[in-house]
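Shown next, in structure tokens, is the structure this report addresses.
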Amino acid sequence: MSSAFPNGHKISDGAYAPSILSPVLASPHKFHHLPDVRCLCSGGGSALLPAPVPSVSLQEKQSVTRLLAARGATITELNTVRKNLSTLKGGKLALAAKPAQVISLILSDIVGDPLDLIASGPTVPDSSTPQDAINVIHKYDIQDAIPLSVWSYLTRQYQRKSSKNQDFSHVQNVLVGSNNIAVSAAKLCAEKLGYRTLVHSTCLQGEASTVGEMYATMAALLVNVFNDRDRIIEKSLFNSLLQKYGVDGSCLRSVLQVAAEAESQKKPVCIISAGETTVTLRGDGKGGRNQEMALATAVAMSRDGNLRYERRSQVVFMSAGTDGQDGPTDAAGALADPGQVTRADEQGLAATEFLENNDSYNFYKNVDRGQGLVTTGLTGTNVMDIQILTVCSSYDSNL
């Protein structure tokens, strides 16, 4: 028998937690009567199966997750803390099922596909310890803001060893999907549409707004190739991407090669990336990391004269979540182009103010009658986010 329960966001909304947890927590010791236990683990599993330790309430655990997310903690850091405050995460579900055979099919939503972090690894040996969780809390300086019960539990448990050396021979963990599959499908689709295509990265990380600025610089680099290739401008943009944004030099040379080939073949260019960025909250607006990245890209494009006043090339950037939901909004992400900020100004909307207030959703909802929002509905899967940058010259701008 199986049941399905929706969840509102990566931080458990708590609405379904009792329904989900009751049968699991009431009977883990009965699993050994079963021949096998089958688990499906994917993004959102951490929120759907919170199961805090007895001395910590669900609300207290949620508050820690919210504090860390607001400070820009990565999913790796969030799940390190979650695992050490859980009775099921970090391999504990699999240990409770022993000696039943456990088969876990895992859909990755984390850069690098670390099985012990996806859904906080309920069936995977945990290499982290309470001390690691304490280190994360210290890193973001929230030790005085978290509930006392959480701090007391972790400090009492800090000498507890990880579960990585325990016997998991009864468990088979199988990775069945990742962002590599989504990126490969996007690349194939772009090529069928006539684009010269390059996969930039499947491990994209960092502050969403900074990554957005990087994409604006990459767009300028591509446009320069299409427009008579000024070598001085090219060198400046290349060095900025290399030194300021840490883009790999060999990757940049591949970008230039693909752009040059596309220009000579009179084809458009499509650069594809995937991963998961973070947002450090500064304001009280509404949005998600993908919409924030798109807005930061649009703002950076508007400040680049080579892009803002460019008429011979058409540039579009998209960042969207493969699950169809970006933050607590009904959008998967958003589109950006060099003229977007100017059009917003004409409507009396200051893009930089929306960006500073982390209010990207309301920016895109009001600019161009909301056409910049990417709205797909929930897709039923989650393999992180995908970014697509396209540059078309006048001869192929109908694509």
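The values are calculated or read from the model by the stated rules, or taken from the named source; none is laboratory data. Since the model is a prediction, treat every value here as computed from it, not as a measurement. Neighbour counts are summed over all protein chains in view; Cβ atoms, including those assigned to glycine, are modelled from backbone coordinates with ideal geometry. Areas reflect the complete protein model, heavy atoms only, side chains present, ligands, DNA and RNA absent. Shrake-Rupley method; radii C 1.70, N 1.55, O 1.52, S 1.80 Å.
Tabulated values for the structure
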{"read-out": "For residue 104: the one exception among (1) at pLDDT 95 or above; (2) under 18 Å from residue 147 (Cβ atoms)", "value": "(2)"}
{"read-out": "Helices (runs of 4 or more DSSP H) contained entirely in region 292-396, each with at least 2 residues that are under 23 Å from residue 221 (Cβ atoms) and open to solvent by less than 50 Å² (accessible area, probe 1.4 Å)", "value": "305-308, 340-346, 351-356"}
{"read-out": "Residue match in region 158-170 (condition: in contact (Cβ under 8 Å) with a residue 40 or more places away in the chain and outside any loop (DSSP other than H, G, I, E, B))", "value": "no"}
{"read-out": "Criterion: open to solvent by 30 Å² or more (accessible area, probe 1.4 Å), modelled with pLDDT of 55 or more and not aromatic (Phe, Trp, Tyr) - qualifying residue of 78, 85, 67", "value": "67"}
{"read-out": "Contacts under 6 angstrom Cβ, first residue in region 246-257 being under 15 Å from residue 211 (Cα atoms), partner at pLDDT below 95 and not in a loop (DSSP other than H, G, I, E, B), 6 or more apart", "value": "none"}
{"read-out": "Residue satisfying all of: in region 274-285; more than 17 Å from the chain's Cα centre (by Cα) and modelled with pLDDT of 95 or more; surrounded by the fewest Cβ atoms within 10 Å (Cβ to Cβ) among these", "value": "284"}
{"read-out": "Tally, over region 139-191, of residues that are open to solvent by less than 50 Å² (accessible area, probe 1.4 Å), of a type in the set (Gly, Ala, Ser) and closer than 24 Å to residue 124 by Cα", "value": "4"}
{"read-out": "Search result, residues across region 26-47 that are outside any loop (DSSP other than H, G, I, E, B) and either at pLDDT below 60 or surrounded by fewer than 18 Cβ atoms within 10 Å (Cβ to Cβ) (or both)", "value": "26, 28, 29, 30, 32, 33, 36, 38, 40"}
{"read-out": "Candidates 215, 245, filtered to the one that is of a type outside the set (Lys, Arg), out of contact with any strand residue (DSSP E or B) (no Cβ under 8 Å at 6 or more places or on another chain) and not assigned by the TED database to the domain that holds residue 43", "value": "245"}
{"read-out": "Members of region 134-184 found to be basic (Lys, Arg) and at pLDDT 95 or above, listed by number", "value": "139"}
{"read-out": "Single residue of region 197-243 satisfying the filter (free of Cβ contacts under 8 Å to residues at least 24 places away in the same chain and of a type in the set (S, T, N, Q)) that is surrounded by the fewest Cβ atoms within 10 Å (Cβ to Cβ)", "value": "243"}
{"read-out": "Matching option when the condition is out of contact with any Asp or Glu (no Cβ under 7 Å at 6 or more places or on another chain), assigned to a loop (DSSP other than H, G, I, E, B) and open to solvent by 30 Å² or more (accessible area, probe 1.4 Å), among 109, 113", "value": "113"}
{"read-out": "Subset tally (residues that are farther than 26 Å from residue 291 by Cα and open to solvent by less than 70 Å² (accessible area, probe 1.4 Å)) for region 244-262", "value": "9"}
{"read-out": "Test: residue 337 is among the charged types (D, E, K, R), under 25 Å from residue 181 (Cβ atoms) and out of contact with any His (no Cβ under 8 Å at 6 or more places or on another chain)", "value": "no"}
